[in-house]
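The values are calculated or read from the model by the stated rules, or taken from the named source; none is laboratory data. Note that this is a predicted model, so its numbers are computed, not measured. Note: ideal-geometry Cβ built from the backbone for every residue, glycine included; neighbour counts use all protein chains shown. Note: accessible area is taken over every heavy atom of the protein model, side chains too, but ligands, DNA and RNA are not part of it. Shrake-Rupley method; radii C 1.70, N 1.55, O 1.52, S 1.80 Å.
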Amino acid sequence: MDDTRHIRDELQQRAREWGADIVRIADTSRLAGIETEPADLLDGFPRAVTMAVHLADGIMDHITDGPTPLYSSHYQRVNALLDDIAVRVAGFLQSHGAKAMPIPASQILDYERFVSYISHKAVAIAGGLGWQGKSLLLVTPQFGPRVRLVTVLTNMDLPADEPVKNRCGTCTSCTDACPAGAIRNVNTTLHYATREEAIDFNACLQQLETFGQLEHINPYICGVCVAVCPWGRKKAKTKEKKAA
């Protein structure tokens, strides 16, 4: 345990140096039954490194009723950074004799159901990086939902982190702001059984497709529920006060 704890500490430090803002370790047994592609993706990988990069507050604070061109560009660049970090983390693990599999930060495999290799949010929840908010987004204590995520699977038995308590409470900020009226304002302890329990997915998708027709906006992004969450706005305001 001491060796793997030391490796975990070094891995977290390196990942932060490479650009990650939060790094946690998930026990993949907590993901039993989750849909993956391929179905046996998690076989032989008892741990997952879950990482987040904080989106720029200066960009997020300007989102009101839809995505901006700056957000669209930033979204792509942060995903590229996450993929770079994941490759570096995989290399670090392999240099210590482990097997590692970096999962792309944002790649849709099925445009009918909008699923990928694995849900980065599910891995992040299992690793205690944050909780699942009413918008289905991961909400972190540090930055709210103003993050993008990536995952690296590994067979190294690193000490795992514990899930954290959902802290959305009675807040309705994302529900009230959703331009599609898609968020149902339903809370969950850990995660929703299905996404339809939390949101009207078709309404959300239709709104995303409408936004995708705007100039300089990439498909399937919105950002409104990301921007309005008090957990993210609170941290941004705190930083401003400290800088004043």
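The table below lists the values:
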{"quantity": "Per residue, in Å², the accessible surface of the chain once ligands and nucleic acids are set aside, probe 1.4 Å", "calculated": "49 Å²"}
{"quantity": "Residue-wise HN-Hα coupling along region 121-138, computed from phi with Karplus coefficients 6.51, -1.76, 1.60 (Hz; x: Gly, Pro)", "calculated": "5, 4, 5, 5, 5, 4, x, x, 6, x, 10, 8, x, 5, 8, 6, 6, 6"}
{"quantity": "Farthest toward positive dipole pole in region 12-149 [+1 Lys/Arg, -1 Asp/Glu at C-beta], among Ile59, Tyr75, Gly97", "calculated": "Gly97"}
{"quantity": "Accessible area of the chain belonging to carbon and sulfur atoms, whole % at 1.4 Å probe", "calculated": "49 percent"}
{"quantity": "Trypsin sites (Lys or Arg not before Pro) within region 161-221, DSSP loop, no more than 12 other Cβ atoms inside 10 Å", "calculated": "Lys165, Arg167"}
{"quantity": "Note, ³J(HN,Hα) from phi for region 146-160, Karplus 6.51, -1.76, 1.60, rounded to Hz, x at Gly and Pro", "calculated": "7, 9, 10, 10, 8, 9, 10, 7, 8, 9, 6, 7, 6, x, 9"}
{"quantity": "DSSP loop GluC sites (Glu not before Pro) with at most 16 other Cβ within 10 Å: longest gap in the chain", "calculated": "113-214"}
{"quantity": "Loop-resident sites, region 1-92, for chymotrypsin sites (Phe, Trp or Tyr not before Pro), counting at most 13 other Cβ within 10 Å (DSSP)", "calculated": "none"}
{"quantity": "Distant alpha-carbon pairs in region 71-154 (separation over 18 angstrom), percent", "calculated": "50 percent"}
{"quantity": "Stretch gain in nm, segment Asp157-Phe201, where the contour uses 0.36 nm per residue and the Cα spacing is subtracted", "calculated": "12.2 nm"}
{"quantity": "Heavy-atom accessible area order for Leu109, Leu149, largest first, 1.4 Å probe", "calculated": "Leu109, Leu149"}
{"quantity": "Amide hydrogen neighbours beyond the local backbone of Val147, cut-off 5 Å, H modeled", "calculated": "Leu55"}
{"quantity": "Built amide H within the under 5 Å cut-off of Val115, gap 5+", "calculated": "Leu109, Asp110"}
{"quantity": "Cleavage-rule hits, trypsin sites (Lys or Arg not before Pro), region 94-130, DSSP coil, Cβ neighbours within 10 Å at most 16", "calculated": "Lys99, Arg113"}
{"quantity": "Count of lysine pairs in the chain with Cα separation under 21 Å (8 or more residues apart, or interchain)", "calculated": "9"}
{"quantity": "Rounded to whole Hz, the Karplus (6.51, -1.76, 1.60) HN-Hα couplings of region 106-118, x for glycine and proline", "calculated": "8, 9, 7, 9, 10, 7, 7, 10, 6, 10, 10, 4, 7"}
{"quantity": "Rel. contact order, % - alpha carbon contacts under 8 angstrom, at least six apart, the chain", "calculated": "25 percent"}
{"quantity": "From the coordinates shown, Rg/Rh (Cα atoms, Kirkwood Rh) corresponds to which of (i) 0.96; (ii) 1.09; (iii) 1.04", "calculated": "(i)"}
